[in-house]
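Remarks on the structure that follows.
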Amino acid sequence: MPTTSLKELAQLFLKLGCTAFGGPAAHIAMMHEEVVRKRQWFTEQHFLDLIGATNLIPGPNSTEMAIHIGQERAGWKGLIVAGLCFILPAVLITGTLAWLYKDYGQLPQVQPFIYGIKPAIIAIILAAIYPLAQKSIKTIPLVIIGISVLVLSLLHYNEMALLFGAGFLGLSLQLFRSEKGIPSIFPMLLMPFTTEQAANNTQLFFIFLKIGALLYGSGYVLFAFLDSELVATGILPRQQLIDAIAVGQFTPGPVFSSVTFIGYQINGWTGAIVATIGIFLPSFIFVAMLNPIVKLMRNSTVFASFLDAVNVASIAIIIAVCYTMGSSSITDWRAVLIAGLSLIVTFGFRKVNSAFVVIGGSLLGAVLLRFF
């Protein structure tokens, strides 16, 4: 595969870090637009394989996708540059808000702008996963697996159980067809660190390192971890956790940057830095270890079937996320209008950058709420 300069990687992921609103599914959709459609760095299949792989490891999926892309295009230096450039804008914005919050005790009023972002984000995600879904559905068994995972995801079954279940089902079907023995598979087990009430930055670092190394699922799962690790132990008031959730929702980039806000509330700037490093460090390590394995799996007929099934399950889960987002955010005619216009733009004018769709949705939402 041709290489990419570190400067080009830095420019791309700084842009995405500043404009990627809406959570991991939306971030991945914007990466798809940039590296598959516009730059043609990856085929649809390769990009799909990376989505499936990131869903199998702990940590923030969109950050891990950025790290994967960087490693594929420029080796270990690209891994670091892409990951840091995607993370840093959100961390800097969140750190600034954390400082203002601690000094003034409240967050700026941004609800009118968030109102219009969510319907626009759903349109961006649907436009991105449409070609990926076409590519992933190769056989009738994969169609059945995809529909089953979609239904079970909507019924709130555990995402990791669905992903691994789909993968092993696809693997079993391939082994049954080829009449080969089932290979031994030894999953890697991660032992959690023990934590106490965080009295210093070393303890704070290990709390967030543990979360980054063990957490699967969405940003909402992150907040459940934070509640048990910080609020239940008396380290952080619940109101500050709720405000951190709000910051994670209306700032661009990975939702995990909320921990920068939390770290600052606990121990100032040093707390913000160690919390941020702790939660993101495992992602860099996991991707560096996983990336070569993805290529080996794709080149193996047996394990490619595992990856194909995981890819289909990943797409089904993203569709379920869109449904859940839509049911909670598209609740009146204004949101329907924003979603409809965004769908027209994303499907009808594919050269329009998705960042403009997000900005347009945000501004239109603010105007509609103000005057209608």
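The values are calculated or read from the model by the stated rules, or taken from the named source; none is laboratory data. Because the structure is predicted, anything quoted here is derived from the model rather than measured. Cβ atoms come from the backbone with ideal geometry, glycine included; neighbour counts cover every protein chain shown. These area figures cover heavy atoms from the full protein model, side chains too; ligands, DNA and RNA do not enter into them. Shrake-Rupley method; radii C 1.70, N 1.55, O 1.52, S 1.80 Å.
Data for the structure
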{"read-out": "Hits in region 135-153 - residues which are open to solvent by less than 90 Å² (accessible area, probe 1.4 Å), outside any helix (DSSP H, G or I) and not aliphatic (A, V, I, L, M)", "value": "139"}
{"read-out": "From the options 57, 80, residue that is open to solvent by 10 Å² or more (accessible area, probe 1.4 Å), of a type in the set (A, V, I, L, M, F, W, C) and not in a helix (DSSP H, G or I)", "value": "57"}
{"read-out": "Meets criteria (without any contact (Cβ under 8 Å) to a residue 12 or more places away in the chain and either assigned to a helix (DSSP H, G or I) or on the phi > 0 side of the Ramachandran plot (or both)) for residue 295", "value": "yes"}
{"read-out": "Boolean, residue 262 is in a helix (DSSP H, G or I) and within 19 Å of the chain's Cα centre (by Cα)", "value": "no"}
{"read-out": "One residue from 163, 171, 132 being buried (at least 19 other Cβ atoms within 10 Å of the Cβ), within 13 Å of residue 308 (Cβ to Cβ), touching a Leu at 6+ places or on another chain (Cβ under 6 Å) and of a type in the set (A, V, I, L, M, F, W, C)", "value": "132"}
{"read-out": "Sole exception among (1) in a helix (DSSP H, G or I); (2) modelled with pLDDT of 80 or more; (3) within 29 Å of residue 164 (Cβ to Cβ) for residue 94, by number", "value": "(3)"}
{"read-out": "Where residue 304 falls short, out of the listed (1) crowded, with 20+ Cβ neighbours inside 10 Å; (2) at pLDDT below 85; (3) small (Gly, Ala, Ser)", "value": "(1)"}
{"read-out": "Residue count, region 310-358 (criterion: touching a residue at least 40 places away in the same chain (Cβ under 8 Å), of a type outside the set (D, E, K, R) and not in a helix (DSSP H, G or I))", "value": "2"}
{"read-out": "Criterion: buried (at least 24 other Cβ atoms within 10 Å of the Cβ) and either out of contact with any helix residue (DSSP H, G or I) (no Cβ under 7 Å at 6 or more places or on another chain) or of a type in the set (S, T, N, Q) (or both) - qualifying residue of 63, 4", "value": "63"}
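Results for (1) free of Cβ contacts under 8 Å to residues at least 12 places away in the same chain; (2) crowded, with 22+ Cβ neighbours inside 10 Å; (3) among the basic types (Lys, Arg); (4) touching a helix residue (DSSP H, G or I) at 6+ places or on another chain (Cβ under 6 Å), shown as yes or no for each residue.
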position	(1), (2), (3), (4)
225	no, no, no, yes
230	no, yes, no, no
256	no, yes, no, yes
270	no, no, no, yes
274	no, yes, no, yes
285	yes, no, no, no
